[in-house]
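Student: Please read through the structure below; I'll follow up with questions.
What follows is calculated from the coordinates using simple rules that are stated; it is not laboratory data. Quick caveat, the model's predicted, so the values are computed rather than measured. Quick reminder, even Gly has a Cβ in these numbers, built from the backbone with ideal geometry, and neighbours come from all protein chains shown.
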Amino acid sequence: MLNYKNIFSSWLFMLTLTLISATFAESSDPSKMAILFICIVTIIKGNLLIDNLMALRHSLHRIRWMMLAYFYILLPIIMLTIIFPETTRQLTTL
Amino acid sequence: MSNILSPPISDLRVHKPEQQTGSTETKTIGSTAVWILIYAELTEFALFFIVFLIAKAHNPELFSAGPGTLNTTAGMLNTLILITSSFFVAKAVSAIKLGQREASIKWLWLTLLAGVTYCGIKGWEYYWNEAAGFDVSTNLFYSLYYYLTFNHLLHVLMGMCTLLWVTLRAYFNAYSAADHEGLESAALYWHMIDMVWIIIFPLLYIL
């Protein structure tokens with residue numbers, strides 16, 4: 001069942017996280033810590049969306065985890081490929 | 001064996017007795033078809049993200065200069081609007097679950113309004129790029145930027161058509177507190193569009 005308080009607080013928290021992330025856009029070359037921070041913020045936003053707005057927190061676990069995995073797998077991949085571009089280049093050069 | 005350990009994918013409507021109260025709670029989470037569609041769309045976007053990351057690794061200077069030339073304000077505003085639209089559609093689902101059809105229709109119209117605003121801002125962003133001398137053929141960064149964002153825009157338009165359809169059906173009493181699978185499926189699809197944008201925004205505009 002959807003929890004109205006959770007929906008509202010999640011929405012506000014996600015807006016706040018977006019505004020915080022946007023401040024990093026001023027930097028043309030974000031540091032490794034900034035990249036890590038932005039990826040963690042994105043994972044938190046994804047978690048809030050899936051659990052509270054989509055209301056999957058108490059739904060079938062398989063469905064919920066498949067959605068969460070999108071963020072838990074993709075964001076670390078994004079973070080690692082940006083932090084280690086040389087390794088990514090070597091791995092993807094034919 | 002696997003059927004004993006886990007329910008089939010088609011059985012997405014779960015009826016679980018609550019241990020404490022002994023009452024039965026129905027957990028409807030949309031139709032099977034919409035989940036297949038959502039996973040297919042997410043996979044498609046994940047492949048785009050991987051292509052973008054590989055191109056970024058091979059063209060570091062081009063891709064590190066790229067975000068600085070984009071209209072970050074437009075990207076941020078669209079993020080705020082899509083998150084707000086997810087809030088609106090979640091409220092629409094809540095309202096119909098409580099049998100408040102009028103309130104649900106109101107929230108659905110607000111979601112559609114947010115979708116129209118998103119499209120307007122995206123149009124302004126493309127116009128702003130054009131005025132600054134950037135288009136799809138400028139360089140590899142811009143080609144991938146247009147490919148990702150225009151593809152996402154098409155999904156927003158498709159989501160809006162779906163939401164308009166369920167809004168009209170809600171208006172003609174097609175949904176109730178007991179039966180609202182169509183509305184919930186449309187809402188899940190809309191949330192998926194928001195999910196993808198949550199990743200596109202930092203990937204293109206910030207990192």
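Student: Would you report the distance distribution of C-alpha pairs in the stretch B:152-207 as whole percents per 5 angstrom bin, up to the bin with the largest distance?
Tutor: 4, 19, 22, 18, 13, 10, 7, 4, 2, 0
Student: Taking the Cα atoms of the stretch B:62-161, what is the range of coordinates along each of the three principal axes, in descending order and whole Å?
Tutor: 53, 21, 20
Student: Relative to the first principal axis of the alpha-carbon coordinates of chain B, what is the inclination of helix B:72-97, with its axis defined by its Cα atoms, in degrees from 0 to 90 and to the nearest 10?
Tutor: Rounded to the nearest ten degrees, it is 10.
Student: Could you order the peptides B:71-78, A:78-85 from most to least packed, using the average number of other C-beta atoms within 10 Å per residue? Present the calculation step by step, with values, prior to reporting the outcome.
Tutor: Details: B:71-78: 20.2, A:78-85: 18.4.
Going from most to least packed, we get B:71-78, A:78-85.
Student: Right, another one. Do the alpha carbons of any pairs in B:K97/B:K122; A:K45/B:K91; A:K32/B:K91; A:K5/A:K45; A:K32/B:K122 sit beyond 26 Å of each other, and which pairs?
Tutor: Values: B:K97/B:K122 33 Å; A:K45/B:K91 18 Å; A:K32/B:K91 38 Å; A:K5/A:K45 17 Å; A:K32/B:K122 30 Å.
Among B:K97/B:K122; A:K45/B:K91; A:K32/B:K91; A:K5/A:K45; A:K32/B:K122, the Cα-Cα distance tops 26 Å for B:K97/B:K122; A:K32/B:K91; A:K32/B:K122.
Student: Need one value for A:50-63: mean number of C-beta atoms belonging to other chains within 10 Å of its residues' C-beta atoms. Display every interim value, and only then the final one.
Tutor: Values: counts 2, 0, 3, 13, 14, 11, 4, 0, 5, 6, 11, 1, 4, 9.
For peptide A:50-63, the averaged partner shielding equals 6.
Student: Could you size up the charge dipole of the stretch A:4-91 around its Cα centre, putting +1 on the beta carbon of Lys and Arg and -1 on that of Asp and Glu, and report it in debye to the nearest 20? Don't jump to the answer; show the numbers that get you there.
Tutor: Details: 7 positive and 4 negative charges, 81 e Å.
The calculation lands at about 400 debye.
Student: Let me ask something additional. If you build a Gaussian network model of chain A, linking Cα atoms that sit under 10 Å apart, which residue out of A:L75, A:L12, A:L60 swings the most?
Tutor: A:L60
Student: Taking only the alpha-carbon atoms of the stretch B:29-206, what semi-axes of the equivalent ellipsoid follow from 5 times the gyration tensor eigenvalues under a square root, in whole Å, largest first? Let's see the in-between values first.
Tutor: On the way: eigenvalues 235, 56, 26 Å².
Ellipsoid semi-axes (Å, largest first): 34, 17, 11.
Student: As an exercise, use a Förster radius of 22 Å and the Cβ-Cβ distance of B:E102 and B:C161 to find the FRET efficiency, rounded to the nearest 0.05. Could you put the intermediate results ahead of the total?
Tutor: Values: r = 23 Å, r/R0 = 1.03.
Calculated transfer efficiency: 0.45.
Student: Any chance you could give the angle, 0 to 90 degrees and rounded to 10, that helix B:101-131 forms with the longest Cα principal axis of chain B?
Tutor: The helix B:101-131 is inclined about 10 degrees to chain B.
Student: Just need the Rg to Rh number for chain A, please, alpha carbons only, Kirkwood Rh. Each step should come with its number before you reach the end.
Tutor: Numbers: Rg = 16.0 Å, Rh = 14.9 Å.
Answer for chain A: 1.07.
Student: Could you tell me how many cubic angstrom of Cα convex hull volume the stretch B:122-188 has per residue? Spell out each step's value before the answer.
Tutor: On the way: hull volume 5.6 nm³, N = 67.
Roughly 83 Å³ of hull volume per residue.
Student: Work out how far the C-alpha atoms of the stretch A:48-87 reach from end to end along every principal axis, then list the three figures in whole Å, largest first.
Tutor: Largest to smallest, the principal-axis extents are 42, 17, 8 Å.
Student: How many nm is it between the label spots at A:R57 and B:E44, if each spot is 7 Å from the Cα in line with the beta carbon?
Tutor: 3.2 nm
Student: With charges set only on the Cβ (+1 for Lys and Arg, -1 for Asp and Glu), what does the dipole of the protein assembly as shown come to about its Cα centre, in debye to the nearest 20?
Tutor: Working: 17 positive and 18 negative charges, 139 e Å.
So the magnitude is around 660 debye.
Student: Another one. Whole percent per 20 Å bin, from 0 to the bin with the longest distance: what is P(r) over all C-alpha pairs of the protein assembly as shown?
Tutor: Bin by bin from 0 Å, the calculated values are 33, 54, 13, 0.
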